[in-house]
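A short write-up of the structure that comes next.
The values are calculated or read from the model by the stated rules, or taken from the named source; none is laboratory data. Just so we're clear, the structure is a prediction, and the values are computed from it rather than from any experiment. Every residue, glycine among them, receives a Cβ derived from its backbone with ideal geometry; neighbour counts consider all protein chains shown. Ligands, DNA and RNA are excluded from the accessible area calculation, which covers all protein heavy atoms including side chains. Shrake-Rupley method; radii C 1.70, N 1.55, O 1.52, S 1.80 Å.
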Amino acid sequence: MTQIELKDVRKSYGAVDVIHGINLSVDSGEFVVFVGPSGCGKSTLLRIIAGLEDITSGAVEIDASVVNGIPASERGLAMVFQSYALYPHMSVYKNMAFGLENSKMPKAEIDQRVREAAEMLQITDYLDRRPKALSGGQRQRVAIGRAIVRDPRAFLFDEPLSNLDAELRVAMRKELAALHAKIGGTMIYVTHDQTEAMTLADKIVVLQGGVVEQVGKPLDLYNNPQNAFVAGFIGSPRMNLLKTTAEADGDGIALTAGNMRVALPAVSGISPGDTVTCGIRPEHIAISDDTGLDDITAKVFLSEQLGGETYLYCEADSIDNLTIHQPGQLPVNNGEVLKLRFDRAQMHLFDADGKVITNGVSS
Amino acid sequence: MADATANRVTVGTLLTARRGNGKLHWTDIFTYLYLGFGILLMFGPVVWLVLSSFKTPAGLLEFPPTMLPLGQISVEVEGYDDPLPVFRATLEDGTQKDLAQIRRIGIVSQMVDPANPENTYKVPISDRTPVREFRIATENYVEPLQRFNFGRYLWNSVVVTVVATAITLLINSMAAYGLSIYEFRGRNAIMLFVIGTLMIPITVILVPVYLVVTSLDMVNSLWAVILPGAATPTGVFLLRQYMLTLPRDLIEAARMDKASEWQIYWRVVLPLAMPAIAVLAIFSIMWRWNDFLWPLIVLNRSEVYTLQLGLNAFQGELDVQWHFILAMTVVTLIPVVLIFAFLQRFITTGIANSGMK
Ligand SMILES: Nc1ncnc2c1ncn2[C@@H]1O[C@H](COP(=O)(O)OP(=O)(O)OP(=O)(O)O)[C@@H](O)[C@H]1O
Ligand SMILES: [Mg+2]
């Protein structure tokens, strides 16, 4: 059981700052997922923890001792690479045994551990094969097996599923979750697929441009995003983020943009004239026939009927795209004009800097 | 590889392969002529060398030359010191007789009947033809190997080649490892410097290196041949460029697997660099085996001679013993050919990437 702590970690390549002071703590046995757009520094952060990358300043602590100067080989962590990085000239067995041989473990114990791990990952039949003769999913398992046999203090995964096709990815995702349930162990997992993040994580760390945007439980991030970036990043399809201007409206205020007008009771932090980003998830937009209660009139430019659910992509003046997600089948054609109403309780409001004002507005 | 086994290509189909749908196109004819010419050009001299190496000295000197090792029969005749060559001569009365030639004066040759040496004849050279027999002159091989200590030279050459190649591969690959796997300031500058030494011709450093070798007291020992050329810029360059293409993830995976630098080098990088190592091994073996100038300078006692120096000894100022030279040249060729045949299968690239996605 291992606890990992990052304290004001910074990293720059020459003049380029990549990681801008990250504070983070990973508890023992926790499954932590780093998500973020491409190039935000997820891999770099993971490699910093692994010890494959030096840091410019700050401290990395494993079990309360600073490991800044300790090389990767002595940190006792195991890493699964995006490319798997299996040794092509060794059999699957040798691949898994390599790390154990390096730590001078007796042959009998190596054999036992390799066979146990192979059993668990169902790769016993391929132990004598070279990686070349394995499918993507099998290689993936071998890479994970190579990490498991070492019985490491923590597992680091760098986008381990990104090379697999969609179906296999779903299957492997389940297996990984089962694996974590079985062996416990601290795991840090990098991905830019937020479905993986939502389903696997105990805790999600959202990164952008080398800074942590928000840390929290998956549903916490979903329900209470701390800023517009997290709101837009977590959830699929993306949350609609509409730029509006606040106007006085009786006792309360109204958010307006083009023909959209969302009347709200007074919200602390918003005064008339402010620029407010209104965030509403596609599933929280209702189609209303009831004139007077609608917030916006929009024209459907694409309707996707999937049978079990329906996606509508609409446009209104000053709004390029408004996505609506409804369960079941909606008889809506392209070009139809709809009146829409936003669910007030599920509305997220952000200020001009993207900071959250409120998650959910009382109606 | 997989394709070759899937649709078996036999030598027969390969040799009668044609362009497209089985018809003989003019480019087929052209290609076969061109390839045939190529084979003749490359392989002809080797075949000629091997066949000639089995000829007797007399057979070698014969004009016009024969393809097969046909030797002219010679006999011992009473009263003459050397064996005399036998000819079938047509005498003036039209009868044919096998006679031995004593000497030739202009267009007339003096001949003697081997059966009764008192009878001598004068025969115009146009009326006689040499009597030949098919004879493989194995003494061309046996004699130098026994009498001239050629076995010793062969052994010396093998020692020099094997030891020098092993040292070359080891230190070149270690240098290449350092210059490719580690990232440090000045890495490229060092590499440029290493490659820069290629521009210094050997003749320029010959004397300084000789002085170093003498002061280390290595003259007339095989180390004097082995050590000076062990680190080759070409080898470092070749291996480094190859190692640069190895995926970095593999090295890092090994680091995570607690491998020491030595283990990463020995168990991960070297096996993966096998194709490049094989190429360098072939080069090194050929350089060492055929090296002449440097051994000639530092080895001047015959018990440390290498094959090439031994061959040179047959080439006296006045008398060149072609039959020995040819035979021993064949001997020197054999190991290189065998090694090439063995190593060439390693020269397949792309092994290193097969463990990645
Ligand atoms: N050696 C380097 N020198 C300079 N910049 C680098 C170097 N390595 C990475 N970077 C930069 O650091 C940033 C973060 O890279 P990193 O690989 O961590 O991204 P990532 O979040 O893993 O992206 P992806 O999802 O595409 O894998 C990128 O902008 C990249 O350009
Ligand atoms: Mg990455």
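The table below gives the values:
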read-out	value
Matching residues, the stretch A:310-325, being under 30 Å from the mean Cα position of the chain (by Cα) and open to solvent by 40 Å² or more (accessible area, probe 1.4 Å)	A:Tyr313, A:Glu315, A:Asp320, A:Asn321
Residue match in the stretch A:290-306 (condition: in contact (Cβ under 8 Å) with a residue 40 or more places away in the chain, of a type in the set (Phe, Trp, Tyr), out of contact with any helix residue (DSSP H, G or I) (no Cβ under 7 Å at 6 or more places or on another chain) and surrounded by fewer than 21 Cβ atoms within 10 Å (Cβ to Cβ))	no
Tally, over the stretch A:178-196, of residues that are touching a Phe, Trp or Tyr at 6+ places or on another chain (Cβ under 8 Å) and either of a type outside the set (Asp, Glu) or more than 16 Å from ligand 1 (Cβ to nearest atom) (or both)	9
Restricting the stretch A:128-137 to residues that are within 12 Å of chain B (Cβ to nearest Cβ) and more than 22 Å from the chain's Cα centre (by Cα), the residue that is nearest to ligand 1 (Cβ to nearest atom)	A:Gly136
Looking only at the stretch B:239-250, and only at residues there that are buried (at least 20 other Cβ atoms within 10 Å of the Cβ) and more than 7 Å from chain A (Cβ to nearest Cβ), the one that is nearest to A:Ala50 (Cα to Cα)	B:Met243
Elements of type strands (runs of 3 or more DSSP E) contained in the stretch A:26-131, each with 3 or more residues being open to solvent by 20 Å² or more (accessible area, probe 1.4 Å)	A:57-62
Any chance B:Thr348 is open to solvent by 40 Å² or more (accessible area, probe 1.4 Å) and at pLDDT below 85	yes
Hey, B:Ala254 at pLDDT 90 or above and over 30 Å from the mean Cα position of the chain (by Cα) or not	yes
Every pair of residues 6+ apart whose Cβ atoms lie under 7 Å, when the first sits in the stretch B:105-123 and is small (Gly, Ala, Ser) while the second is surrounded by 12 or more Cβ atoms within 10 Å (Cβ to Cβ) and in a strand (DSSP E or B)	B:Ser109/B:Gln101; B:Ser109/B:Val123; B:Ser109/B:Arg128
Filtered residue count, the stretch B:80-114, keeping only those that are among the aliphatic types (A, V, I, L, M) and open to solvent by 90 Å² or more (accessible area, probe 1.4 Å)	2
Extreme residue, farthest from ligand 2 (Cβ to nearest atom), among residues of the stretch A:15-25 that are crowded, with 18+ Cβ neighbours inside 10 Å and of a type in the set (Val, Ile, Thr)	A:Ile22
Subset of the stretch A:245-266 (residues that are under 32 Å from the mean Cα position of the chain (by Cα) and open to solvent by 50 Å² or more (accessible area, probe 1.4 Å))	A:Thr245
Positions within the stretch B:310-324 being under 16 Å from B:Leu60 (Cα atoms), open to solvent by 20 Å² or more (accessible area, probe 1.4 Å) and assigned to a helix (DSSP H, G or I), in sequence order	B:Trp322, B:His323
Residue check, B:Leu222 open to solvent by less than 80 Å² (accessible area, probe 1.4 Å) and either small (Gly, Ala, Ser) or in the same structural domain as B:Ser302 (by TED's automatic domain parsing) (or both)	yes
Yes/no for A:Ser303 being farther than 30 Å from A:Ser38 by Cβ, of a type in the set (Ser, Thr, Tyr), in the same structural domain as A:Val337 (by TED's automatic domain parsing) and in contact with a Phe, Trp or Tyr (Cβ under 8 Å, 6 or more places away or on another chain)	yes
Pairs where the first residue, in the stretch B:206-223, is touching a residue at least 12 places away in the same chain (Cβ under 8 Å) and the second is open to solvent by 40 Å² or more (accessible area, probe 1.4 Å) and charged (D, E, K, R), C-beta under 7 Å, 6+ apart	B:Asn220/B:Arg301
Unique match (being away from every other protein chain (no Cβ under 14 Å) and among the acidic types (Asp, Glu)) among A:Asp165, A:Asp193, A:Asp151	A:Asp193
Residue list for the stretch B:124-160, filter: farther than 26 Å from B:Gln321 by Cβ and touching a residue at least 40 places away in the same chain (Cβ under 8 Å)	B:Arg128, B:Thr129
Flag if B:Thr232 is modelled with pLDDT of 90 or more and open to solvent by 30 Å² or more (accessible area, probe 1.4 Å)	no
